[in-house]
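Here's the structure, in structure tokens; my notes come after.
The values are calculated or read from the model by the stated rules, or taken from the named source; none is laboratory data. This structure is a prediction, so every number in the text was calculated from the model and none was measured. Reconstructed Cβ throughout: ideal geometry from the backbone, glycine too, with neighbour counts over all protein chains shown. Just the protein is used for accessible areas: all its heavy atoms, side chains included, with ligands, DNA and RNA removed. Shrake-Rupley method; radii C 1.70, N 1.55, O 1.52, S 1.80 Å.
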Amino acid sequence: MKIRFGISLASLIPHSLLSAMMVARWAKEAGYQFLQGIPLRGMSGRERFPLPMYYVEKAWNPVRSFGQARRHEPGAEGMPSCLNDWIASPSPEKCAEIFDHLPGRVISHHFENASGYLVELCPELDMTPDEIAFKCRTEGYGLVLDTEHISRNYRENDEKHAGMTSSLITGDVVRILAPHIQVVHVKNTDPDLSDAVFVKYLLQSNHRDEIDFVAEFKPAMMLPGATRQHMFDFLCQMKQLVEGYSA
């Protein structure tokens, strides 16, 4: 089984807003093998990073102004915005420009008519596990297992699903979809939390021979030294988690 470990530049906010190139060097020094990119303030998309960028996502919910975010008006993704959307991302137009220049396979939250796309499992797909697996088999899509999105309910602002709960929350779901999961976003390595449980379900199922694990922990206001230590510790914990369940 071939396992690779990468890290999301978004996890390294605020440092990646100051210099995405700098945090990419930190990632290489910490032992990560690749990057996952996203349009961030200060980036051009043409950077020549010291690690390859294997995956890329669109900006979370970019806004055009500080005032828009302060008033919590809908951003480019239709969700109520917040100051973090303004801090992390330039305008929607600039985000689209950066995104167009970033290398790597695109990770989407929808089944889009584009070859090579990976689809992140989330409630908004509105499909049963068997329907998702059939679409992957017949149309060649790969899947991303995000340990947060697979276990959350529909978002509160989603009027279409108001009051409804998600069905993508069981180990059986992971077992059905395991042959199509190519990437895992790991938010937390605590063995008592759902992240580790879903990794266990995946690695004890009929999974692919090659899986990439991406550190996608929530950004935190830490000094550079503490951030770099956290990156290293998180990688060690991810490896321990994966090796423990794949042994």
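Efficiency by 1/(1 + (r/R0)^6): what FRET value for Cys82 and Ser205, r their Cβ-Cβ distance, R0 = 22 Å, to the nearest 0.05?
Efficiency at R0 = 22 Å is approximately 0.05.
Could the peptides 217-223, 93-99 be put in order, highest first, of the mean number of other beta-carbon atoms found within 10 Å of their residues?
Those peptides, ordered most packed to least, come out 93-99, 217-223.
How big is the antiparallel share of DSSP beta bridges in the chain, given as a percent to the nearest 5?
For the chain, the DSSP antiparallel bridge percentage is about 5.
Principal axis extents for the range 182-247, Cα atoms only, whole Å, descending order, please.
The Cα atoms of the range 182-247 stretch 41, 24, 18 Å along their principal axes.
Where nothing but the Cβ of Lys and Arg (+1) and of Asp and Glu (-1) is charged, how large is the charge dipole of the chain around its Cα centre, in debye to the nearest 20?
Using Cβ point charges on Lys, Arg, Asp and Glu, the chain gives about 740 debye.
Cys236 versus Asp100, label points 7 Å from Cα toward the beta carbon: distance in nm?
Distance between label points: 4.5 nm.
Which shape class, rounded, prolate or oblate, goes with the chain when its Cα gyration tensor gives a ≥ b ≥ c as root eigenvalues, a/c under 1.5 marks rounded, and past that a/b bigger than b/c marks prolate?
Taking the square roots of the gyration eigenvalues as a ≥ b ≥ c, the chain is oblate.
Provide the per residue accessible area, probe 1.4 Å, for the chain, rounded to a whole number of square angstrom.
Per residue, the chain has an accessible area of 49 Å².
To the nearest 500 deg cm²/dmol, what mean residue ellipticity at 222 nm is calculated for the chain from DSSP H runs of n ≥ 4 alone, each contributing -39,500 (n - 2.57), summed and divided by the residues?
Theoretical 222 nm ellipticity from helices: -10000 deg cm²/dmol.
Lys pairs in the chain, Cα-Cα under 15 Å, at least 8 apart or on separate chains: how many? Display every interim value, and only then the final one.
Values: Lys2/Lys239; Lys58/Lys94; Lys187/Lys200; Lys187/Lys218; Lys187/Lys239; Lys200/Lys239.
Pairs that pass both the separation and distance tests number 6.
Taking 0.36 nm per intervening residue step and subtracting the Cα-Cα distance, what contour gain separates Tyr245 from Thr138 on full extension?
Length gained between Tyr245 and Thr138: 35.6 nm.
How large, in percent, is the carbon and sulfur part of the accessible surface of the chain at a probe radius of 1.4 Å?
After summing per-atom areas, the C and S share lands at 51 percent.
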